Amino acid sequence: MTLQDFLTEAEATERDGATALQTAGDADALEAARIAYLGDRQGRVKALQEALRGISKDDKPAAGKRFNEVRTRLDALHGERKSAISRAVVGQMEDGSLPARRLWQGAKHPVTLVIEEIVAIFRDLGFTVALGPDAESEWYNFGALNFPPNHPALDVHDTLYLEGEGLLRTHTSPVQIRTLQKYAPPIRVLIPGYAYRRDFFDASHAPVFMQMEGLSVDEGISFVDLKSTLNAFAARFFGAARTRFRPSFFPFTEPSAEMDVQCGVCGGSGCAVCKGTGWIEILGSGMVHPRVLEAAGIDSERYTGWAFGMGPARMAISRYKIPDIRILYDSDVRFLDQIAGPATGAAE
Ligand SMILES: [Zn+2]
């Protein structure tokens, strides 16, 4: 074979091979093209290699160089087409034949959900939200709320005092005083916020926890308003749950009552969450003590009021049947995922 014939044949092999490889529509067609051109037994590149033997010694370097160009180019085209076809196959699977991947969009913490729900219920009853500082003075946290100076709550074993002056509020009640100082009655506020106590971290206690208080002050407010409002709230928040009021004592209310709802985990038969009683204490409440109104500059002869305080974390435990309060503090997004339910979005 002359060099000219060889080069013509090399040209044809390269051109035909490139067309066959580049136009192969799927993996089977590509494999057929590979066998036809790059196959070890009957491929046209192999035939070209055999023809190289018949080239004269002088022309061999030029022929060999051309042969290598053809083989390299067809090898490269085969590789390109192969990966293009496999990408297309994967693309088709993502488009239609695989379920869409779930997209994690984040979720609100169950305690936040509970607070929002409580705020929404009380908003319908005419309550707005009031906020105040976490670091408080002893007067706002205890003195104005009718705590005697020797009350055990003031002890350093119960309260986190700040260096110098002040303390971390042990309840959100200081915001009641601040609200009464700032606005004239009628007042109906809901006060969510963190409270701090030197408490053990166990299945039902935490040293930092959300608290939610409510305050209603106006002329002619009585215990009937307290009970009917809180029962209306419990009916909406807990559904058909039964409630009960038990006499209690707080320095800042008189009379005072604890309110219980039937345990949502066991339905009243007794479990670890309700400590076997079938009831969950959800809040403390009472008629605002006249001394508290007076401390805030409100005429206690003219105005009366009622207040309550509750722990949204305990409500969340009951609402979502969470067995241990510490789960709320673990920051495990898988837990939030369970509460939030499946996300609606899908990945591309
Ligand atoms: Zn129970």
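The values are calculated or read from the model by the stated rules, or taken from the named source; none is laboratory data. In this text the structure is predicted, and so the values were computed from the model without any measurement. Here the Cβ is made from the backbone with ideal geometry for all residues, glycine too, and neighbour counts use every protein chain on show.
Figures for the structure shown
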read-out: Single residue of the range 242-264 satisfying the filter (farther than 29 Å from Val175 by Cα and buried (at least 19 other Cβ atoms within 10 Å of the Cβ)) that is nearest to the ligand (Cβ to nearest atom); value: Cys263
read-out: Enumeration of residues in the range 91-130 that are in a loop (DSSP other than H, G, I, E, B), surrounded by 13 or more Cβ atoms within 10 Å (Cβ to Cβ) and at pLDDT 90 or above; value: Leu125, Phe127, Ala130
read-out: Residues within the range 97-114 that are farther than 18 Å from Phe335 by Cα and among the β-branched types (Val, Ile, Thr), tallied; value: 0
read-out: Which numbered condition Ser331 misses (of (1) surrounded by 22 or more Cβ atoms within 10 Å (Cβ to Cβ); (2) without any contact (Cβ under 8 Å) to a residue 12 or more places away in the chain); value: (1)
read-out: Gly268 in contact with a Gly (Cβ under 6 Å, 6 or more places away or on another chain), of a type in the set (Gly, Ala, Ser) and within 16 Å of the ligand (Cβ to nearest atom); value: yes
read-out: Number of the condition not met by Ser228 [criteria: (1) more than 16 Å from the ligand (Cβ to nearest atom); (2) surrounded by 14 or more Cβ atoms within 10 Å (Cβ to Cβ)]; value: (2)
read-out: Enumeration of residues in the range 208-225 that are more than 17 Å from Gly297 (Cα to Cα) and in contact with a Leu (Cβ under 8 Å, 6 or more places away or on another chain); value: Met212, Glu213, Gly214
read-out: Unmet requirement for Arg15, which otherwise passes all of (1) in contact with a strand residue (DSSP E or B) (Cβ under 7 Å, 6 or more places away or on another chain); (2) assigned to a helix (DSSP H, G or I); value: (1)
read-out: Residues of the range 223-278 satisfying the condition of being over 31 Å from the mean Cα position of the chain (by Cα) and under 17 Å from Pro323 (Cβ atoms); value: Ser269, Gly276, Thr277
read-out: Output for the range 271-280, where each listed residue is over 20 Å from Ala235 (Cα atoms), among the hydrophobic types (A, V, I, L, M, F, W, C) and either more than 7 Å from the ligand (Cβ to nearest atom) or without any contact (Cβ under 8 Å) to a residue 12 or more places away in the chain (or both); value: Cys271, Ala272
